Amino acid sequence: MPVTSDAISIEGVRKTYGTLKALDGVEFSIRRGEFFGLLGPNGAGKSTLIGIIAGLVRMDAGRVAVLGHDNRREYRAARRALGVVPQELVFDPFFSVRECLRIQAGYYGCGREYWPWIERLLDELDLASKAGATIRQLSGGMKRRVLIAQALVHKPPVVILDEPTAGVDVELRRTLWRFARKLHAEGTTVVLTTHYLEEAEELCQRIAILDRGRLKALEGTGQILARHPFRFLRLTLDGDFRLPPGLEPCVVSRLNGSLELKLKREEQPIGEVLESVRGAGFRIVDVRTREPTLEDVFLELTGERA
Amino acid sequence: MNVFGFRTLLVKEIRRFWKVLVQTVLSPVVTAVLYLAVFGHVLGERMQVFPGVSYTAFIIPGLIMMSVIQNAFANTSSSLIQSKMMGNLVFLLMAPLSAWELFGAYVLAGILRGVLIGTVLYGFGWLVVPLPLHSWAAVLAMTVLAGGALAVLGLIAGILAEKFDHLAAFQNFFIMPASFLSGVFYSIHTLPEFWRGLSHYNPFFYMIDGFRWGFFGVGDATIAASLLWTGGFFALCSAIALWMLQTGYRLRP
Ligand SMILES: Nc1ncnc2c1ncn2[C@@H]1O[C@H](COP(=O)(O)OP(=O)(O)O)[C@@H](O)[C@H]1O
Ligand SMILES: [Mg+2]
């Protein structure tokens, strides 16, 4: 069975905190070898779901399996298959970076034979020069990289990164992207949550959008964008006239003399829109169209910015 | 069973107190030695609890046991609350370790810290008054059972506590007085009737009395009663702690 099973399967997962439904019947699967994006506004329930998968949070109902191993009945196998980078910068203040990694490997039953792998992780994540330092002494970006190394010490086939690039400078973001891509290329299933949608758009093959504990969309990144029924038209206009009444509600932004319209792909052909604008008396100085980004889709589905 | 994982956690917990020996071993030893100096000096000549046993000799086993149990408690509870406050407990909770493995590693490390302090104190005591040793087996059994019981109690307190203050309060208002007032400095025969009766339901009294019996062969209770009460308390606390670890009570929200 595990040979054909999904990397992670989530069935009917519910979780309430008091009266808050943090997860309200979430159900989807992440395929093996996939680069998967888990998106949603703050408080959507992403970290709660990751906690449930990792066994850090108890679900009220539902079932989760990692590589076909039920995460409660076969928790050892499920946890061995999984590496999680938590959202918070947590660390053990008592030990050096290298010690922490060796201890973490030990919890998974991985001894000295994993030490060369740990050295490689230190190298690849640019931590080698700090291997003997205690984690308290490291910068935020370095702490983040230690967390990533810590999640990988036991060579898990499935890795979940919970907002690894939040509050991280551009250079480190690039480094982390490259690292995640390499990990994926080597066959690891990578699950990423992020607030930077261009990041998800660039990296992820499929995307799930979670909002207030419910799954709002789950599709290939390309499809999710193509399915979006809108596109955008930016016009630079000359003249002080009124827009035709039908177009006024379509304006999403105005910026000194130019305005952006959100148009229905099927019902508002660009040619007709331009004619009606000209008909209202305007002279059209410049025209640009833009396909929707993930940000637009996200806004459409959740009513919030990422 | 994840033997290697268990061993890793055990060694980590030992290294945690080993790295700060001054604080975790030396400081409690100094405290106990000061008690010994003050009480032994003030009351040494004036009191005799058991026939043929000097007062100074009488209080040494009590002071050792008090230090063992206070530090076994401190080890597990402080380790757990620290990991909780720092958030690094998730690394352990995500790992393929069973409730029994977590329990065993934490408790064993707590017992070992108690034993280490007890051994050092025994050495100091030897310099003051060489103690008789009636039964090695009783001394060892009482150390392991009492140290274990308090290490488990520390585990429970660490799971329940939400911040250091809670733990400090429990330590200062319960563990300290309970271990202090359970016959370290006197025989319960000198107590008023009511308190003497109550002592027979106090596990701490049995921990100290049974341990002292191991040295002198006399005590307020029988060694069987002491072993049973201490062992029973250990078992009860263990059942509670294991239930907490198994269900994820407070640790896995
Ligand atoms: N331990 C907890 N106790 C109470 N509420 C919680 C707890 N953890 C998360 N929540 C709530 O559950 C919701 C989902 O949180 P979270 O999973 O962290 O969202 P996300 O990671 O998508 O930002 C939020 O409203 C959050 O406040
Ligand atoms: Mg989160």
How big is D, in µm² s⁻¹, for the range B:188-230 by Stokes-Einstein at 10 °C and 1.306 mPa s if Rh is the Kirkwood radius over C-alpha pairs?
155
Efficiency of FRET between A:ARG254 and B:VAL22 - r from beta-carbon atoms, R0 45 angstrom, step 0.05
0.10
Percent of C-alpha pairs per 5 Å bin, the range A:161-260, short to long
2, 9, 15, 16, 12, 12, 12, 8, 7, 4, 2, 0
Whole-percent carbon and sulfur share, accessible surface of the range B:3-247, 1.4 Å:
73
Mean separation of Cα contacts under 8 Å (at least 6 apart) over the residue count of chain B, i.e. the relative contact order in percent, is 26
Provide the gained length on full extension for the span A:ALA185 to A:GLN223, in nm with one decimal, where the gain is 0.36 nm per separating residue minus the Cα-Cα distance.
11.4 nm
About the Cα centre of the range B:3-247, what is the dipole size in debye to 20, counting +1 per Lys and Arg Cβ and -1 per Asp and Glu Cβ, all else neutral?
540
So the FRET efficiency between A:ARG174 and B:MET176, C-beta based with R0 = 56 Å and rounded to 0.05, is 0.50
Calculated FRET efficiency, A:GLU272 and A:GLU295, Cβ-Cβ r, R0 25 Å, to nearest 0.05?
0.40
In nm, to one decimal, how far is the modelled label at A:ASP70 from the one at B:ALA169, with both set 7 Å along Cα→Cβ?
4.1
With each label point set 7 Å from Cα along the Cα-Cβ vector, what nm distance links B:LEU228 and A:GLU202?
7.3
Computed on protein heavy atoms with a 1.4 Å probe, what is the summed buried accessible area for the chain pair B and A, in Å² to the nearest 100?
2800
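Does the range B:1-64 classify as rounded, prolate or oblate by the C-alpha gyration tensor (a ≥ b ≥ c root eigenvalues; a/c under 1.5 gives rounded; else a/b over b/c gives prolate, otherwise oblate)?
Oblate, since a/c reaches 1.5 and b/c is not below a/b.
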Round to a whole number: what % of the accessible area of the range A:228-302 belongs to carbon and sulfur, probe 1.4 Å?
50
Restricting attention to the range B:17-87, which trypsin sites (Lys or Arg not before Pro) occupy a DSSP loop and are surrounded by at most 16 other Cβ atoms within 10 Å?
B:LYS19, B:ARG46
Buried by at least 50 Å² relative to the chain on its own: which residues of the range A:97-129 qualify, computing accessible area with a 1.4 Å probe on protein heavy atoms?
A:TYR107
Given Cα pairs under 8 Å that are at least 6 residues apart, what percent is the relative contact order of chain A?
20
The range A:231-257 residues near the modelled A:ILE284 label - backbone nitrogen below 14 Å, point 7 Å along Cα→Cβ:
A:232-238, A:244
So what is the calculated 222 nm ellipticity per residue for chain A, using -39500 (n - 2.57) for each DSSP H run with n of 4 or more, over all residues, to the nearest 500 deg cm²/dmol?
-9000 deg cm²/dmol
Pairs beyond 25 Å (Cα-Cα), from A:LYS143/B:LYS19; A:LYS15/A:LYS155; A:LYS155/B:LYS163; A:LYS15/A:LYS143; A:LYS155/A:LYS216; A:LYS130/B:LYS19:
A:LYS15/A:LYS155; A:LYS155/B:LYS163; A:LYS15/A:LYS143; A:LYS155/A:LYS216
Could you point to the residue in B:PRO132, B:THR222, B:MET66 farthest towards the positive end of chain B's charge dipole, with +1 and -1 charges on the Cβ of Lys/Arg and Asp/Glu respectively?
B:MET66
Might you tell me the accessible area per residue for the protein assembly as shown, computed with a 1.4 Å probe and given in Å²?
45
How large is the helix-only mean residue ellipticity at 222 nm for chain B, computed as the sum of -39500 (n - 2.57) over DSSP H runs with n ≥ 4, divided by its residue count, in deg cm²/dmol to the nearest 500?
-24000 deg cm²/dmol
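Once you charge only the Cβ atoms, +1 for Lys and Arg and -1 for Asp and Glu, what is the size of the charge dipole of chain A about its Cα centre, to the nearest 20 debye?
Roughly 860 debye, rounded to the nearest 20.
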At least 20 Å² accessible surface lost relative to isolated chain, residues of the range A:37-59 (1.4 Å probe):
A:GLY55, A:LEU56, A:ARG58
Would you please state which residues of the range A:58-83 a label at A:THR16 would reach in this model, taking the label point 7 Å out along Cα→Cβ and a backbone N cut-off of under 19 Å?
A:58-63
Non-local residues with an amide H under 5 Å from the amide H of B:GLY217, with H modelled 1.01 Å from N and Pro and chain starts lacking one, are B:HIS134
Convex hull over the Cα atoms of the protein assembly as shown, averaged projected area in nm²?
33.8
Tell me, what are the semi-axes, in whole angstrom and largest first, of the equivalent ellipsoid of chain A as set by the roots of 5 times the Cα gyration tensor eigenvalues?
44, 23, 16
What size of dipole, in debye to the nearest 20, comes out for the range A:228-302 about its Cα centre when the only charges are +1 on Lys and Arg C-beta atoms and -1 on Asp and Glu C-beta atoms?
140
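The values are calculated or read from the model by the stated rules, or taken from the named source; none is laboratory data. Everything numeric here is computed off the predicted structure, so don't read it as measured data. Reconstructed Cβ throughout: ideal geometry from the backbone, glycine too, with neighbour counts over all protein chains shown. Accessible surface is based on the protein model in full, side chains and every heavy atom, while ligands, DNA and RNA are left aside. Shrake-Rupley method; radii C 1.70, N 1.55, O 1.52, S 1.80 Å.
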